[in-house]
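Visitor: Please see the structure below; I have some questions.
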Amino acid sequence: MNIYDKLQPLDFIVVGLYLAIVIGIGAWVSFRNRTAVGENPFLAGNSLRWPGIGFTMWGTNVGPSMLIASASIGFTTGIVAGNFAWYAFIFIFLLAAVFAPRYLGAGTATLPGYMGNRFGDTTRNILAWYTLITILVSWLSLTLFAGGILIRQILGLPMWLSVMVLLAIAAFFTIAGGLKTIAYTNVFQMILLIIVSLALTLVGLDRAGGTAALAAATPSGFWNLFLPADNPDYPWPAIILGYPVMGVWFWCTDQSMVQSVLGAKSLKQGQLGANFTGWLKILDVPLFILPGILCYVLFPDLDDPDKAYMTMVTELFPPGMQGLVMAVLIAALVSTVDSALNALSTVFTMDIYVKKHKPEAGSVEIRRTGHLVTLVGAAIAVCITLAIDSIKGLNLFDVFQSVLGFIAPPMTTVFLFGVLWKRTTTKAVNSILTFGTLLSMGTGICYLWIFPADTYDFWPHFLLLSFYLFLLLSVLMVLISLTDKSGSAEVSPEERKAAGMSGKVRWLWGALAVVMIVLYVLFNGH
């Protein structure tokens, strides 16, 4: 769908004003608040408070893929994909209650660095390279691919040009001010995203005749979070068993997601920021999935579900508002990509360049290296994105989730046992990181390309497959640790003293848990 002919000059003026405002915010933050001598530019000098942390985590998670893929899956299957947003609160809580105290207590800048301090330099090196590949594939390339699809739908530009323009904006924020600039601009971008997407939902509901009319016009089961066990799309056992493997990796061990918590002013601010992210995740269903359901009712003859979101925009919004949506889509892409670029430069600079090659590097050299890595990483991501663009006929939402599902098992196993089980040994961790990665990635390649699941019916659901891989790797982790005579890793005194949760933080998490239980009760049994 090319909607260029439907756009008016006012739409392009709105986009231009948005870009000018966001770049102005980034420049003001980065040049007015120069990084102090000795301050870590990647962690914003450990100055982030809970609003910036919450918006940054949510903004990193909410990319163009969320807008396209969530509306698409809402159009085809209803609210079931809401599990990927609402079920996540358990694992965001796990980050706040279990992992964040240990990370901040150890004073780590990167998660490979944290594990390296416990299990040695070999573990750190393996995790650093694993993290770099993960960021390049699952964050940068897939996100740029989804963003390129959006811009191609809107303006009809070739993929390479769409990607280059949007990537240049994201790289500016990462190079100019690091995490502090990203945190400030994310607050602005995410507030704008909420306003525009909420407006689209409300206009759609009004056009559909209200919630009662919408519910009456949708198929049976469209409003159930848990579907029958024989459902081919998302059976409830796959959700219950498989998503936790992805959830632990994504919310607790992924550098791009956890980085803003590592930059928290204090543990309490980090825990409050994670809690704020949990509340923001509630918005994913009404802002991203519900427009797809509305499109199913209002425009049932739509030929491509991936066009659901932009169809709603072009059919329901007047000129000017369409331009604002274009600006929001750019904001969502920039929010995800700049966080990923910052995480990429952090891991390479701190865990590979400084740790292995130049421990005496000063802050100026560290920043310069980080800038270079940002540019190189962006170039590599463009090449991978163009390669992905050559693959046709993929369901965007399922591809995203399945890729994450095959990345997750080794990392989830290593961090859960490495952090929570004192008997875990270095040999066991390194074995799972090497063998487990080969097994999990190899299984994913077979599932997606060599023996694709849509052709060969012997595969279980990809979420169940992720769970089975996690179980196998967990058994191997225990067996290797118990038979390894070299002994387990030592925990630092600072980490052992890591604080728990204050009363205010516990109360807020309890309130969020109650709200989530109510939502799961309401959206089942229809």
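The values are calculated or read from the model by the stated rules, or taken from the named source; none is laboratory data. Quick caveat: nothing in here was measured; it's all calculated off a predicted structure. As a convention, Cβ positions derive from the backbone with ideal geometry for all residues, glycine included, and neighbour counts pool all protein chains shown. SASA here: full protein model, heavy atoms, side chains in, ligands and nucleic acids out. Shrake-Rupley method; radii C 1.70, N 1.55, O 1.52, S 1.80 Å.
Visitor: What nm value, rounded to one decimal, do you get for the distance between Phe12 and Asp484 when each label is placed 7 Å out toward the C-beta?
Guide: About 6.0 nm, to one decimal.
Visitor: Which order do peptides 273-280, 257-264 fall in by mean Cβ count within 10 Å, highest first?
Guide: 257-264, 273-280
Visitor: Whole-Å semi-axes of the chain's equivalent ellipsoid, largest first, each the root of 5 times a Cα gyration tensor eigenvalue?
Guide: Gyration-tensor ellipsoid for the chain: 35, 28, 22 Å.
Visitor: When the distances between all Cα atoms of the stretch 58-154 are binned every 5 Å from zero, what whole-number percent does each bin get?
Guide: Once binned at 5 Å, the Cα pair distances of the stretch 58-154 give 3, 11, 13, 16, 19, 15, 11, 8, 4, 1.
Visitor: At a threshold of 8 angstrom on Cα-Cα distance, excluding pairs fewer than six apart, so keeping six or more, what relative contact order does the chain reach in percent?
Guide: 31
Visitor: Relative to the Cα centre, what is the charge dipole magnitude of the chain, using +1 at the beta carbon of each Lys and Arg, -1 at the beta carbon of each Asp and Glu, and rounding to the nearest 20 debye? Walk me through the intermediate numbers first.
Guide: Working: 28 positive and 26 negative charges, 408 e Å.
Dipole of the chain, to the nearest 20 debye: 1960 debye.
Visitor: Past the 24 angstrom mark, what percentage of all C-alpha to C-alpha distances in the stretch 325-439 do you count? Numbers along the way, then the final one.
Guide: Details: 3301 of 6555 pairs.
Percentage above 24 Å: 50.
Visitor: Over the alpha-carbon set of the stretch 229-387, divide Rg by the Kirkwood Rh and report the Rg/Rh ratio to two decimals.
Guide: Working: Rg = 20.7 Å, Rh = 19.7 Å.
We get a ratio of 1.05 for the stretch 229-387.
Visitor: Additional query: With the dipole of the stretch 313-382 worked out from charges on the C-beta (+1 for Lys and Arg, -1 for Asp and Glu) around the Cα centre, which of Ala343, Tyr353, Leu324 lies farthest toward the positive end?
Guide: Tyr353
Visitor: Magnitude of the Cβ-charge dipole of the stretch 280-343, K/R +1 and D/E -1, about the Cα centre, nearest 20 debye?
Guide: 240
Visitor: Further, regarding this structure: Taking the Cα-to-Cβ direction at Trp449 and at Ser502 and moving 7 Å from each Cα, how far apart do the two end points lie in nm?
Guide: 5.0
Visitor: Quick one: length gained pulling Ser220 to Ala513 fully straight, 0.36 nm per residue minus the C-alpha distance?
Guide: 102.7 nm
Visitor: Which of the peptides 75-88, 317-330, 341-354 is most tightly packed, and how do the rest follow, going by the mean number of other Cβ atoms within 10 Å of each residue?
Guide: For the peptides 75-88, 317-330, 341-354, the packing ranking is 341-354, 75-88, 317-330.
Visitor: Among Phe462, Tyr87, Leu290, flag the residue with its Cα farthest along the positive direction of the charge dipole of the chain, charges on Cβ as +1 for Lys/Arg and -1 for Asp/Glu.
Guide: Positive-end residue among those listed: Tyr87.
Visitor: Just in the stretch 389-451: which trypsin sites (Lys or Arg not before Pro) are loop by DSSP and have at most 15 other Cβ atoms within 10 Å?
Guide: Hits after loop and neighbour filter: Lys392, Lys422, Arg423.
Visitor: Compare the Cα positions of Leu438, Ile450, Val505 along the charge dipole of the chain (+1 at Cβ of Lys, Arg; -1 at Cβ of Asp, Glu; about the Cα centre) and return the one farthest towards the positive end.
Guide: With unit charges placed on the Cβ atoms, the residue in question is Val505.
Visitor: Quickly rank 514-521, 50-57, 436-443 as a protection proxy: mean count of other C-beta atoms within 10 Å, highest first.
Guide: For the peptides 514-521, 50-57, 436-443, the packing ranking is 50-57, 436-443, 514-521.
Visitor: Taking only protein heavy atoms and a 1.4 Å probe, what accessible area per residue, in Å², does the chain have with all protein chains in place?
Guide: The answer is 38 Å² per residue.
Visitor: Same structure again: Send over the Kirkwood Rh of the stretch 111-163, from the inverse of the averaged 1/r over different Cα pairs, rounded to one decimal Å. Don't skip to the answer; put the middle values down first.
Guide: Numbers: mean 1/r = 0.0780 Å⁻¹.
One decimal place: 12.8 Å for the Kirkwood radius.
Visitor: With +1 on each Lys and Arg Cβ and -1 on each Asp and Glu Cβ, how big is the dipole of the stretch 409-494 about its Cα centre, in debye rounded to the nearest 20?
Guide: Dipole size: approximately 300 debye.
Visitor: When the accessible area of the chain is split by element with a 1.4 Å probe, what percent falls to carbon and sulfur?
Guide: After summing per-atom areas, the C and S share lands at 67 percent.
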